[in-house]
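Working notes, structure below.
The values are calculated or read from the model by the stated rules, or taken from the named source; none is laboratory data. Because the structure is a prediction, the values reported are computed rather than measured. Neighbour counts are summed over all protein chains in view; Cβ atoms, including those assigned to glycine, are modelled from backbone coordinates with ideal geometry.
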Amino acid sequence: MSQAVLQLPQVLTMTIADIVHRDASTGKFSLLGTYNTIAARSFPFTHPSMGVYLALTDGRGKTPLVLRLIDAEEERPPVFTIQAVIDFPDPTQVAEVGFACQRLEFAQPGEYRLQLFVAGEPLLERRLFLVPAQQMAQRPLRKGNRFLN
């Protein structure tokens, strides 16, 4: 008896932004304020909101996913964990989804990882840096930095 093998989708993008908006009439997504670094005046720090946009293709059927944000050393519980199911009616189509997370608690500065798992398998991981605002003020402005007052 053969076992069915789940076809893992291919991740086209996983983007962090201030706002991920889906237009109700067109279905198009808009991303506002993409970033990879957050500057905070003090720690612990509460970040008001974060959007995550995913685009995947080559999936089959209803596919469970988990999106989580962890500190790079995994010394603390995840900042957030989201579980969802994406339906891939046709593997040639691109499935797009946006998530909004509110009041994210960061215990200390450092490197964090946004991780995407599909059917329990890791698919993609990207870095997010939390730095003291004073440190950001000493660096030249680079694309992808997020300053908070």
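What to note about this one:
- Extreme residue, modelled with the lowest pLDDT, among residues of the stretch 1-24 that are part of a loop (DSSP other than H, G, I, E, B) and among the aliphatic types (A, V, I, L, M): Met1
- There is at least one residue in the stretch 112-128 that is modelled with pLDDT of 95 or more, over 14 Å from Leu54 (Cβ atoms), aromatic (Phe, Trp, Tyr) and in a strand (DSSP E or B).
- Residue check for Ala84: in a strand (DSSP E or B), without any contact (Cβ under 8 Å) to a residue 24 or more places away in the chain, out of contact with any Cys (no Cβ under 7 Å at 6 or more places or on another chain) and under 22 Å from His21 (Cβ atoms): yes
- Residue identified as crowded, with 18+ Cβ neighbours inside 10 Å and not in a strand (DSSP E or B) among Gly51, Gly27, Gly59: Gly59
- Qualifying residue in the stretch 82-104 (condition: surrounded by 12 or more Cβ atoms within 10 Å (Cβ to Cβ) and of a type in the set (Ser, Thr, Tyr)): no
- Qualifying position, being modelled with pLDDT of 95 or more, out of contact with any Leu (no Cβ under 9 Å at 6 or more places or on another chain), of a type in the set (A, V, I, L, M) and surrounded by fewer than 17 Cβ atoms within 10 Å (Cβ to Cβ), among Ala137, Ala72: Ala72
- Test for Tyr53: is it under 15 Å from the mean Cα position of the chain (by Cα) and within 22 Å of Met136 (Cβ to Cβ): no
- Hits in the stretch 96-111 - residues which are in a strand (DSSP E or B) and either hydrophobic (A, V, I, L, M, F, W, C) or in contact (Cβ under 8 Å) with a residue 60 or more places away in the chain (or both): Glu96, Val97, Gly98, Phe99, Ala100, Cys101, Leu104, Glu105, Phe106
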